[in-house]
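Contents: one structure, followed by commentary.
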Amino acid sequence: MIRLISLTFLLFALFSCNDEEYTINNLNDNKISILGHGGMGTGITIYPTNSLASIEKCLSYGADGSELDVQLTKDGVLVAYHDRDLGESTNIEGLINSLNWEDIKGAYYNNIPFIKYPVISLDELFSSIENRNYYQFTFDCKLYNEQSDQGLFLSTYVDAINDIIIKYELLSKVNIESQNEAFLQLLQKSNRDYKLFIYPSSFESGFEIAKRMDLFGITISTKIISKEQVALAHKEGISIAIWGVNSRRKNKEGIKKNPDYIQTDRLGHLVDLLK
């Protein structure tokens, strides 16, 4: 009996130690918005990132929203897709910006274990999501193209973003991130209310650009930003979104840095920690 009581106490103490309480101090009303990385993330999932199934599953898990990769077709349609070439993950090949939407429509992911989940346009995505205005979305804008006129490409991309945000009334629900300052400047001129994030290779460069351009925030790998740097950004009114959060340990470490957004690959665990 004594051994049983001792074992029960030990197990209780063990699990109690794993239940951490977090005090959040950030610019997002002192809470961290949980965003799935392309939906349910990479790794332990049966859904390809950026697929409708992955994003809908992410939202049903209790996430605040989802990050998604966005590319532009030759005829100005926004598509949710990560890689440079469709041949890296789907049954067709080619640069998205070299193809019209009709050439891409019907393409599906064919990497094991993914079985024919379709590549989707943002129009298809947002028309399919119920209560879409309850959620927050981050557009990671990929600018893959081979256009000779980069100014025309960027302005066409901005027009497409404007159209989709107006059509689905997403202005307050979308963060837009890019590594390209010229693209962010065009978006800024298009609408001063856009929540724009620079996506830098270092905190120092991102901090300088965000201050100079008066951007809403910085999107950055959790590997290259510290809790102190997050606090420094917050002091300047700059929000922080971290990515590369792909394990339970990194979920916990990420929370302690007090970012405003975490784009996680371990969604269920982060929801359990913060909800």
From the option list D149, D123, D140, single residue qualifying as at pLDDT 95 or above and surrounded by 18 or more Cβ atoms within 10 Å (Cβ to Cβ) is D140
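With the requirement that a residue be of a type outside the set (K, R), surrounded by fewer than 16 Cβ atoms within 10 Å (Cβ to Cβ) and over 24 Å from Y168 (Cβ atoms), what does the range 105-120 give you?
From the range 105-120, those of a type outside the set (K, R) are 106-115, 117-120; that's our starting set.
Within this subset, residues satisfying the condition of being surrounded by fewer than 16 Cβ atoms within 10 Å (Cβ to Cβ) are 106, 110-113, 115.
Selection gives N110, N111, I112, P113, I115.
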Filtered residues of the range 147-175 (kept if polar (S, T, N, Q) and either in a helix (DSSP H, G or I) or touching a residue at least 40 places away in the same chain (Cβ under 8 Å) (or both))
Q147, Q150, S155, T156, N162, S172, N175
Go through the range 100-115 and give me each residue that's under 19 Å from L68 (Cβ atoms) and either not hydrophobic (A, V, I, L, M, F, W, C) or not in a helix (DSSP H, G or I) (or both).
K105, A107, Y108, Y109, N111, F114
Checked against (1) part of a helix (DSSP H, G or I); (2) of a type outside the set (A, V, I, L, M, F, W, C); (3) on the phi > 0 side of the Ramachandran plot, G206 satisfies every condition except (3)
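Among the listed residues G62, G76, which satisfies the condition of being in contact with a Leu (Cβ under 9 Å, 6 or more places away or on another chain) and either among the aromatic types (F, W, Y) or not in a strand (DSSP E or B) (or both)? Write out each step before concluding.
Working: G76 fails: in contact with a Leu (Cβ under 9 Å, 6 or more places away or on another chain).
Among G62, G76, only G62 is in contact with a Leu (Cβ under 9 Å, 6 or more places away or on another chain) and either among the aromatic types (F, W, Y) or not in a strand (DSSP E or B) (or both).
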In the range 70-104, the residues that are polar (S, T, N, Q), crowded, with 19+ Cβ neighbours inside 10 Å and closer than 21 Å to I164 by Cα:
Q71, T73, N97
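Could you say which residue among E67, E56 is closer than 19 Å to R266 by Cα, among the charged types (D, E, K, R) and surrounded by 23 or more Cβ atoms within 10 Å (Cβ to Cβ)? Quick ask: steps written out before the conclusion?
Details: E56 fails: surrounded by 23 or more Cβ atoms within 10 Å (Cβ to Cβ).
Residue meeting the stated conditions: E67.
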Any residue in the range 86-112 that is closer than 16 Å to K142 by Cβ sitting within a Cβ distance under 9 Å of a residue that is in a strand (DSSP E or B) and of a type in the set (D, E)? List the pairs, counting only those 6 or more apart or interchain.
G94/D85; L95/D85; I96/D85
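Do we find that Y157 is buried (at least 19 other Cβ atoms within 10 Å of the Cβ), in contact with a Leu (Cβ under 8 Å, 6 or more places away or on another chain) and hydroxyl-bearing (S, T, Y) in this structure? Explain how you work it out, then say what you get.
On the way: buried (at least 19 other Cβ atoms within 10 Å of the Cβ): yes; in contact with a Leu (Cβ under 8 Å, 6 or more places away or on another chain): yes; hydroxyl-bearing (S, T, Y): yes.
Spelling it out, Y157 is indeed buried (at least 19 other Cβ atoms within 10 Å of the Cβ), in contact with a Leu (Cβ under 8 Å, 6 or more places away or on another chain) and hydroxyl-bearing (S, T, Y).
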F183 being of a type in the set (F, W, Y), in contact with a Ser or Thr (Cβ under 6 Å, 6 or more places away or on another chain) and without any contact (Cβ under 8 Å) to a residue 60 or more places away in the chain:
no
Given (1) of a type outside the set (V, I, T); (2) touching a Ser or Thr at 6+ places or on another chain (Cβ under 9 Å); (3) surrounded by fewer than 23 Cβ atoms within 10 Å (Cβ to Cβ), K252 misses just (2)
Quick one: in the range 34-52, which of the residues that are under 16 Å from S221 (Cα atoms) and surrounded by 18 or more Cβ atoms within 10 Å (Cβ to Cβ) is modelled with the lowest pLDDT?
G41
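In the list D123, D83, which residue meets the criterion of being within 17 Å of L68 (Cα to Cα) and part of a loop (DSSP other than H, G, I, E, B)? Spell out the reasoning first.
Working: D123 fails: part of a loop (DSSP other than H, G, I, E, B).
Among D123, D83, only D83 is within 17 Å of L68 (Cα to Cα) and part of a loop (DSSP other than H, G, I, E, B).
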Please indicate, with yes or no, whether at least one residue in the range 62-72 is modelled with pLDDT of 95 or more and more than 16 Å from the chain's Cα centre (by Cα).
yes
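Of everything in the range 126-146, what is assigned to a loop (DSSP other than H, G, I, E, B) and under 16 Å from I96 (Cα atoms)? Give them in sequence order.
Taking the range 126-146 as the starting set, the residues that turn out to be assigned to a loop (DSSP other than H, G, I, E, B) are 129-131, 135, 142-146.
Selection gives K142, L143, Y144, N145, E146.
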Only one of S239, S205, S221, S247 is touching a helix residue (DSSP H, G or I) at 6+ places or on another chain (Cβ under 8 Å) and of a type in the set (S, T, Y), namely S239
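The values are calculated or read from the model by the stated rules, or taken from the named source; none is laboratory data. The shown structure was predicted, so the numbers you read here are calculated from the model rather than taken from an experiment. Note that each Cβ is placed from the backbone with ideal geometry, even for glycine, and that neighbours are counted across all protein chains shown.
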